Amino acid sequence: MADSGSWYWDARWNDQHQLCPATDFFIDTLGAASWTYWLLPLGLGMSAWITSALVPEAGGQGMERVIRAIHLQSGKISWQVIPAKIAATVLTIGTGGSAGNVGPCIQIGSGLASCIADVFQFNALDRKTLVICGLRAGFASILGTPLARAFFWIEALFVGWLASQVLFPSVVAALGGYLTAQFFGMPAMMFVASAFPVMNGTLLLLALVGGVVFGRCSLVFVECLNGVKRLT
């Protein structure tokens with residue numbers, strides 16, 4: 001039981017941390033034996049090789065690549081990104097690496113939408129709209145907040161103003177992605193607030209100091225990553 005001055009979040013996937021049946025089976029099988037820890041360098045090496053040598057577009061978290069494609073390439077995403085992202089994600093997480101599933105789902109959903117736009121020969125505006133819908137569907141299927149995420153990503157992509165031409169399709173796509181994930185037994189992530197902090201001057205001061213410190217740490221981390229990329 002947390003006291004009145006403490007707080008924490010309990011993140012759970014309906015009491016089961018699930019990605020998808022195939023990925024869960026892969027992770028559970030490898031996790032059952034202690035020797036599989038030695039697969040971590042191999043898995044990370046193969047994942048890095050896929051995203052650097054074979055399909056560089058599949059590198060990174062995924063969201064930044066999709067946002068760049070929407071704004072600079074009219075939503076054009078190569079089809080090779082889809083299998084490469086799936087393989088890199090499964091190899092990284094399955095062998096014990098630290099990686100999330102939101103970015104890959106967004107990039108895979110957007111890549112599928114771009115491929116559909118290629119098949120039906122959509123123009124640049126329609127392609128961009130469809131890719132945005134794929135982004136919303138991937139996000140909502142993981143986090144389970146279709147309406148909130150639809151509005152959030154429209155504002156995030158278009159810097160504060162709602163694009164009316166993509167609002168309704170985005171909501172429909174987000175609801176479709178969420179319901180599809182539920183149909184296949186993939187519960188959305190839930191964050192349960194078990195307790196809340198007592199708001200006072202001390203907490204506010206700590207939050208301000210923490211924001212400055214963590215912001216500087218993030219800046220150093222990003223610059224280190226960019227420095228390693230320049231060296232390699």
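So here's what we get for this one:
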{"quantity": "Under Karplus coefficients 6.51, -1.76 and 1.60, residue-wise ³J(HN,Hα) of the stretch 86-98 in Hz, glycine/proline x", "calculated": "4, 5, 5, 5, 5, 5, 5, 5, x, 9, x, x, 9"}
{"quantity": "Pairwise FRET efficiency - residue 202 versus residue 61, Cβ, R0 = 30 Å, nearest 0.05", "calculated": "0.30"}
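Values quoted throughout were computed directly from the atomic coordinates according to the rules given, and no laboratory measurement underlies them. Everything numeric in this text was worked out from a predicted model, so none of it was measured. Glycine gets a Cβ as well: all are built from the backbone with ideal geometry, and neighbour counts include every protein chain shown.
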